Structure formats: structure tokens, C-alpha cells
1. For residue 266, what is the net charge nearby, where nearby means another residue's Cβ is under 15 Å from its Cβ and Lys, Arg count +1, Asp, Glu -1?
2. Taking the Cβ of residue 157 as the centre, find all other residues whose Cβ is under 10 Å away and add up their charges (Lys, Arg: +1; Asp, Glu: -1).
3. Rounded to the nearest 0.05, what FRET efficiency do residue 272 and residue 148 give with R0 = 41 Å and r taken as the Cβ-Cβ distance? Could you check?
4. Starting from the Cα-Cα distance between residue 20 and residue 170, subtract it from 0.36 nm times their residue separation and give me the gain in nm to one decimal.
5. Over the chain, with a Gaussian network built from C-alpha contacts below 10 Å, which listed residue (93, 176, 162) shows the highest mean-square fluctuation?
6. Can you give me the C-alpha center-to-center distance between region 260-287 and region 112-167, rounded to a whole angstrom?
7. Given the -39500 (n - 2.57) contribution per DSSP H run of 4+ residues, what per-residue ellipticity at 222 nm results for the chain, rounded to the nearest 500 deg cm²/dmol?
8. Net charge near residue 245, counting Lys/Arg +1 and Asp/Glu -1 over other residues with Cβ under 12 Å of its Cβ?
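Computed from the coordinates by the stated procedures, all read-outs in this text should not be read as laboratory data. This is a predicted model, so every value here is computed, not measured. A quick note on method: Cβ atoms are made from the backbone with ideal geometry, for glycine too, and the neighbour counts reach across all protein chains shown.
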Amino acid sequence: MGHVFGWPGILPRPIYKTLKKLNPLDPWFEIYEVSGGTYAIYEPFHFEEAISFVVCGDERAILLDTGMGVGDIRAEAENLTSQPLVVVNTHWHYDHIAGNYQFEEVWAFDNDFEVGKIERGMTVKEVSDKMRPEMVCAPFPKGFDPSTYEVQRSRVTRRLRHLEEIDLGNRTLVVHHTPGHSPGGLCLYDKRDGILFSGDTYYPGTLYCNLERSNLDDFVTSLKYLAGLADEVSFVATSHNEARVPTHEIADALDGFLEIQSGEAEYTLRGNTRLYRFERFLVEYPHD
């Protein structure tokens, strides 16, 4: 989840002027080349601003997350590569798995809670509030009906483990377990190009530590772990808002979460939620 203050007035985000823009099949999406053989499939017209990534090797490609399920993400991904595609989910939330049903191969971290959520899907009632008019700033694709929006069931065909390597053919991605936002959350590190795909462990925007099974201490541990990889990381490819951010923002996020953990960070209240504002991100946390 990536809701950020200022949307949609903040669009278009400046970062996208620095990336090569490709033509999508459906204008619901924007497509950018993040680096050679790495493409962002961006959904800027929903407040989540979800980003899925196609990561190509010589023998196969992965689609990292399947987005909102509003447009045909399989068609977009297959338009970017002729390699066989496998889905890898960073975690179970609706805006990352709603296109899973289009694919035969879906991989996720080996966590029973995480896998169970992905395989169960979500009913119209559970996600009926995600397509309200104020959450969208462009026409839906032809044939999409927000009143029947749901997250269809999808079977997880492979469970990934911490430090497991995914071989794409002359390109290897390393799985890193990064709980906090979700207990089975994962990040991928691209050994060839030094890209860290951070999922929802970090992105510039609103970071949620108040969802089902979110955990502040786990968030801190995961950010410490990712900060320890910084010397190897060329840039961070995040799953919301901006497809490419500087590596130092991981350390900045860690500093902010450490302030929250210590009780020293200032916050405002919105109902029963604490809002901790930092320069590039905001953290939502339950107020006891």
C-alpha cells in the first residue's frame, strides 16, 4: 500500500522524466524502463500508485507483483518480454496480488499466513471500498466494473526461502525475508545490476505499520538488514509511487523507525492512528 499525501496533485512525479517511457497497451498503465531488462508497470491513476516489475534474464523473466487487477497486467508483461513469466509476490496485500489469477506460476515467501492470504483472495465485500471515486483519477479500462471488484483466488506454486536464489539465465535474484509490513514480506536483490526491489518495506510515501500482522520491531530489523546491504545496491526499485530511488533512503527510513521505536519521534493523531512524518515518508502506527 502506498497512499501518499498530495495525490493526485503530485502527478506526474519528477522521477519519471528521467526514465525511458514505453507505450502501454492500456492507458491505465504507464510503462518505464528502469534499467536494461527491468521494466516498471505503474498504475498512477489509483491512489495506491502500485508498481509491478518485469525482470528479464536470458532464459525467463519474473513479474514482481501483479498490481491492482484493474487492467490486463499479463498482456502488458508479455508485451515487454518473450521469455516465460513467473509471478513473485512481495506480500499478500490486494494491490500486489490482484492479477495473480492470470498466471499459472505464482511464488511467495514460505510463510503460512502469507500463502494462506494469497490463496484465499478477497471478496467484493472485503475490497469494495478500494475503488471509490475519490481513489481514482482516470477512467477505468473498458470492461472493468468497480462494483464487482474482487481479488480472485490464486494458488501459490512455490514457496521461497530466505537467501534462496532465482536463476533467470545470466541474472540471479536473491530472496531476502523482510517482515514488518507483513510477516512474509520479501525483497529481491539483483546480483547482476545491484538493484534492490524493496516491496513495501520501503518506498517514498505512507508506510503502514498498522495493518493485520504488521510489526514495528520486525520493520526495524528488516530495515537494519537492508541497510547492511547498501554497499552492494545501485538503487532501490520500490513498489509504490517512485520506481527508482537512491539507496540512502533505506538508511533514512531506518533512522525514522528507530526514532519511533525509541519513543522519541513526534506524531499527530488521526483517530486511533499515530502519524509520524519524515522528509520522504510518513508512518502510520496504532495509538494505544
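1. Numbers: positive: 270, 274, 277; negative: 255, 259, 264, 279, 284.
Counting the neighbours of residue 266, the net charge comes to -2.
2. +1
3. The formula returns an efficiency of 0.85 here.
4. Residue separation times 0.36 nm, minus the Cα-Cα distance, leaves 51.7 nm.
5. Looking only at 93, 176, 162, the biggest GNM fluctuation is shown by 162.
6. When both Cα centres are located, 27 Å separates them.
7. The helix contribution divided over the chain gives -4500 deg cm²/dmol.
8. Around residue 245, the charge tally is 0.
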